[in-house]
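Read through the structure below, which is laid out as structure tokens, and then see the notes.
The values are calculated or read from the model by the stated rules, or taken from the named source; none is laboratory data. The shown structure was predicted, so the numbers you read here are calculated from the model rather than taken from an experiment. Cβ atoms come from the backbone with ideal geometry, glycine included; neighbour counts cover every protein chain shown. Just the protein is used for accessible areas: all its heavy atoms, side chains included, with ligands, DNA and RNA removed. Shrake-Rupley method; radii C 1.70, N 1.55, O 1.52, S 1.80 Å.
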Amino acid sequence: MTKDQLLTRLLTRRRALLAGAAAVGAAGTAGLFAALGGEDPVKPSLPVAGPPARRPLKPSAYRLQPLTGYGPPRAAPGRTPVRREPLLRVNGRGRTMVLTFDDGPDPRYTPAILDTLAEYDVRAMFFVCGEMAVDNKDLLARMSDEGHIVGNHTWSHPLLTRLSRGRIRSEMERTSDVIEEAYGERPQWFRAPYGAWNRAAFQLGSELGMEPLAWSVDTLDWSTPGVGTIERRVENGAAPGVVVLSHDAGGDRSQSVRALRDYLPRLLDSGYHITVPRRHYV
């Protein structure tokens, strides 16, 4: 099967899934999870040239839009529920938003992002790839010290819909092991690379104690569209409950670093509370 044929097949299946999700609930996506919090400051620094990432994680032609979650499934007490869609928004008091960064950590860009977040006393979520985290455990330790949430973004950033259950489990489990070693606890959140979810990913994530989190505003910063464009996408998409997707690795992320420095204080001045989820939806 050619790449174009596979893409057509994936997108056809995605359209069918989205049609089913739309029937469940245009009634609203708010109220998906609660319990949010925050802490601590330092000074921002420009990203400095450093060693390149061990293996660049490049954007894929199979980048897909996430499915929309419409509410909590039921689960036995003490167990993570198995979802059919990823969570897409947060429910917090007032104008709450969540900033998320994928594919890192990268020593060229992640420290500068952490510095900016610390300057404004803001917490964020970092969905890390195991092959990046294993060589940058100090950055995961810093994320823990500064109150950020670290989620699982698989080991090598593959398209999960093309993998066996065994491979998906290995990608998730190896990454959770590295996160636990460096961050101090196993991740409670995961995100499928490219937003390409399937039943096995939801089931295995649940077995490993993780909730699936997607996004509601995509900056498309991986395509390096320009600092101003990234800023406009965040500010135009800002709304209570929004989850913003950006990247701190996988290529040249200097635009993402500069954009964060500009839009973060403006969001705060506009009354937004930028924070992180503290526990699973129950």
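Hey, Phe202 hits all of (1) open to solvent by less than 30 Å² (accessible area, probe 1.4 Å); (2) more than 25 Å from Arg162 (Cα to Cα) but one; which does it fall short on?
Condition (2) is where Phe202 drops out.
Anything in the range 92-110 that is more than 19 Å from Ile230 (Cβ to Cβ), open to solvent by 10 Å² or more (accessible area, probe 1.4 Å) and at pLDDT 95 or above? List them, or say none.
Pro107, the sole residue that qualifies.
Return the residue satisfying two criteria in turn: it lies in the range 136-166 and is buried (at least 18 other Cβ atoms within 10 Å of the Cβ) and hydroxyl-bearing (Ser, Thr, Tyr), and of such residues it is nearest to Trp197 (Cα to Cα).
Among those that are buried (at least 18 other Cβ atoms within 10 Å of the Cβ) and hydroxyl-bearing (Ser, Thr, Tyr), it is Thr161.
For the structure I just gave you, tell me whether Thr154 is among the hydroxyl-bearing types (Ser, Thr, Tyr) and out of contact with any Phe, Trp or Tyr (no Cβ under 9 Å at 6 or more places or on another chain).
no
How many of the residues making up the range 178-206 are at pLDDT 95 or above and in a loop (DSSP other than H, G, I, E, B)?
Of the residues in that region, 7 qualify.
Return yes when Ala141 is more than 14 Å from the chain's Cα centre (by Cα) and within 17 Å of Leu88 (Cα to Cα) and no when it is not.
In short, no.
For the range 155-177, enumerate the residues that are part of a loop (DSSP other than H, G, I, E, B) and either farther than 26 Å from Ala141 by Cα or touching a Ser or Thr at 6+ places or on another chain (Cβ under 6 Å) (or both).
Trp155, Leu159, Leu163, Ser164
Residue by residue, here is whether (1) touching a Pro at 6+ places or on another chain (Cβ under 8 Å); (2) over 17 Å from Ile179 (Cβ atoms); (3) of a type in the set (Asp, Glu) holds:
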| position | (1), (2), (3) |
| --- | --- |
| Arg83 | yes, yes, no |
| Pro105 | no, no, no |
| Pro111 | yes, yes, no |
| Ala124 | no, no, no |
| Met132 | yes, no, no |
| Leu140 | yes, no, no |
| Asp145 | no, no, yes |
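Answer yes or no as to whether Glu235 is open to solvent by 10 Å² or more (accessible area, probe 1.4 Å), free of Cβ contacts under 8 Å to residues at least 12 places away in the same chain and under 22 Å from Thr110 (Cα atoms).
No: the conditions fail for Glu235.
So if I check each of Ala182, Ala196, which one is surrounded by fewer than 23 Cβ atoms within 10 Å (Cβ to Cβ) and more than 21 Å from Leu88 (Cβ to Cβ)?
Ala182
Does Arg169 satisfy the condition of being among the charged types (D, E, K, R), in contact (Cβ under 8 Å) with a residue 24 or more places away in the chain, in contact with a helix residue (DSSP H, G or I) (Cβ under 6 Å, 6 or more places away or on another chain) and surrounded by fewer than 24 Cβ atoms within 10 Å (Cβ to Cβ)?
yes
Kindly indicate which of Ser216, Ser256, Ser246 is of a type in the set (S, T, N, Q), over 19 Å from Thr116 (Cβ atoms) and surrounded by 15 or more Cβ atoms within 10 Å (Cβ to Cβ).
Of the residues listed, the single one that is of a type in the set (S, T, N, Q), over 19 Å from Thr116 (Cβ atoms) and surrounded by 15 or more Cβ atoms within 10 Å (Cβ to Cβ) is Ser216.
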